[in-house]
């Protein structure tokens with residue numbers, strides 16, 4: 001009996017030592033609201049999905065940290081909700097959650113007062129929690145002040161960090177440009193504040209981008225490889241895409257790509273030229289040329305695992321590009337390709353049928369769209385696929401509404 005008591009005490013002590021991190025409630029959302037009201041706290045809700053990588057990163061790496069747990073357990077009633085299961089589905093719609101993870105701070109009446117978006121280090125998560133507890137630092141209050149004309153430099157920096165925390169890239173670019181216009185690019189040419197320049201997204205050809213191009217060696221020293229590549233790569237990509245739509249020939253387009261490559265080496269220039277060629281074809285209404293070239297490129301991968309997925313990507317590209325989607329010849333021909341995949345029970349039945357479901361939806365053929373979707377859903381479930389992914393549920397909803 002004495003040994004059992006010792007073991008129980010030891011277990012209790014060890015569980016106390018290792019019970020670190022955020023303690024999440026296990027009741028309903030309404031239970032959490034009731035507890036928040038009783039304790040005069042906000043509810044912190046982790047809106048996640050089973051397939052979301054950054055969600056898993058937070059759950060495994062950030063939430064278990066003692067520093068994070070100490071702060072969140074003291075100040076919030078914490079809940080986790082899978083946005084694709086149980087009451088999470090209704091909460092997802094209620095709060096308009098469209099990206100994952102979304103971290104909501106909700107008052108006892110169920111109103112969102114602050115939010116964060118995406119995976120982040122512990123320091124930023126705690127910083128976000130502190131902002132939620134300070135009414136003057138909440139995103140809604142800051143937006144209102146900005147709309148009312150507050151352009152104080154200190155406020156703009158605060159607002160930039162707030163919209164950065166919710167991954168509002170459009171607002172980030174606007175605010176960052178305002179900040180730099182009030183000061184200078186040089187002020188933010190350091191490791192701690194370079195994010196202001198990155199957020200601004202200065203376009204190719206602007207005086208600011210020319211400055212960044214002249215100082216790329218210094219910038220490489222104060223940024224990581226990813227930020228460095230995105231800073232220049234995104235500007236060049238937008239410029240070349242725009243050029244591809246207005247140039248008069250493929251020869252002219254290739255010369256511009258080579259010129260850009262001399263200014264800043266383009267990663268995988270061959271693939272870039274190919275993609276720009278496709279843009280040129282669509283801009284110049286060479287739709288059949290686009291289609292034939294795409295099919296030819298896809299056929300190179302026949303026999304490989306990626307083969308059907310390349311065609312699936314092509315299917316989506318056709319349907320989201322108005323000119324291509326309006327071509328009955330192209331759509332009908334691609335239906336035949338999708339049917340061939342769907343007939344292959346070993347390698348193509350799943351992806352072939354989801355392509356058919358999308359294509360028949362486009363043609364407003366509800367019967368065939370529903371039939372293809374049902375086959376996809378059944379076979380995907382058998383294979384262990386994710387039938388709760390938003391792309392699947394949205395497709396089903398769209399077919400049902402036909």
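The values are calculated or read from the model by the stated rules, or taken from the named source; none is laboratory data. A quick note: this is a predicted structure, and the numbers were derived from the prediction, not measured. Reconstructed Cβ throughout: ideal geometry from the backbone, glycine too, with neighbour counts over all protein chains shown.
For every residue, the table says whether it meets (1) at pLDDT below 95; (2) closer than 29 Å to residue 164 by Cβ; (3) in contact with a helix residue (DSSP H, G or I) (Cβ under 6 Å, 6 or more places away or on another chain).
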position: 204; (1), (2), (3): no, yes, yes
position: 208; (1), (2), (3): no, yes, no
position: 221; (1), (2), (3): no, yes, no
position: 229; (1), (2), (3): yes, yes, no
position: 236; (1), (2), (3): no, yes, yes
position: 244; (1), (2), (3): no, no, yes
position: 251; (1), (2), (3): no, no, no
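Please enumerate the residues belonging to the stretch 342-375 that are closer than 16 Å to residue 327 by Cα and either more than 26 Å from the chain's Cα centre (by Cα) or outside the structural domain of residue 322 (by TED's automatic domain parsing) (or both).
In the first step, residues of the stretch 342-375 are kept if they are closer than 16 Å to residue 327 by Cα; the result is 358-364.
360, 363, 364 - these are the residues of the stretch 342-375 that are closer than 16 Å to residue 327 by Cα and either more than 26 Å from the chain's Cα centre (by Cα) or outside the structural domain of residue 322 (by TED's automatic domain parsing) (or both).
Of everything in the stretch 177-192, what is in a helix (DSSP H, G or I) and in contact (Cβ under 8 Å) with a residue 12 or more places away in the chain? Give them in sequence order. Talk me through it step by step, then tell me what you get.
Of all residues in the stretch 177-192, those in a helix (DSSP H, G or I) come to 177-182, 186-188.
Once the filter is applied, which keeps residues that are in a helix (DSSP H, G or I) and in contact (Cβ under 8 Å) with a residue 12 or more places away in the chain, the stretch 177-192 yields 177, 178, 179, 180, 182.
With respect to the conditions (1) farther than 24 Å from residue 28 by Cα; (2) touching a helix residue (DSSP H, G or I) at 6+ places or on another chain (Cβ under 9 Å), residue 53 lacks only one, and its number is (2).
One residue is enough: does the stretch 176-184 have a residue meeting the conditions under 30 Å from residue 76 (Cα atoms) and out of contact with any strand residue (DSSP E or B) (no Cβ under 7 Å at 6 or more places or on another chain)?
Checking the stretch 176-184: not a single residue is under 30 Å from residue 76 (Cα atoms) and out of contact with any strand residue (DSSP E or B) (no Cβ under 7 Å at 6 or more places or on another chain).
Listed by position, the strands (runs of 3 or more DSSP E) inside the stretch 66-143 whose residues that are more than 20 Å from residue 27 (Cα to Cα), assigned by TED's automatic domain parsing to the domain that holds residue 41 and in contact with a strand residue (DSSP E or B) (Cβ under 9 Å, 6 or more places away or on another chain) number at least 2 are 112-117. Scanning the stretch 62-77 for residues that are surrounded by fewer than 20 Cβ atoms within 10 Å (Cβ to Cβ) and over 18 Å from residue 121 (Cα atoms) yields a total of 2. Can you find a residue in the stretch 25-37 that is crowded, with 20+ Cβ neighbours inside 10 Å and not in a helix (DSSP H, G or I)? For the stretch 25-37, residues crowded, with 20+ Cβ neighbours inside 10 Å and not in a helix (DSSP H, G or I): absent.
In the stretch 136-149, is there at least one residue being closer than 28 Å to residue 218 by Cβ, touching a residue at least 24 places away in the same chain (Cβ under 8 Å) and buried (at least 17 other Cβ atoms within 10 Å of the Cβ)? Checked against the condition, which is being closer than 28 Å to residue 218 by Cβ, touching a residue at least 24 places away in the same chain (Cβ under 8 Å) and buried (at least 17 other Cβ atoms within 10 Å of the Cβ), the stretch 136-149 yields no hits at all.
Search the stretch 288-315 for residues being loosely packed, with under 14 Cβ neighbours inside 10 Å and in contact (Cβ under 8 Å) with a residue 24 or more places away in the chain, and hand back the single one that is farthest from residue 271 (Cα to Cα). Don't jump to the end; show me each part of the working.
Applying the first criterion (loosely packed, with under 14 Cβ neighbours inside 10 Å) to the stretch 288-315 yields 288, 292, 296-297, 299-300, 302-306, 309, 313.
Cutting the leftovers down to in contact (Cβ under 8 Å) with a residue 24 or more places away in the chain gives us 288, 309.
Values: 288: 20, 309: 18 Å.
Restricting to residues being loosely packed, with under 14 Cβ neighbours inside 10 Å and in contact (Cβ under 8 Å) with a residue 24 or more places away in the chain, the top hit is 288.
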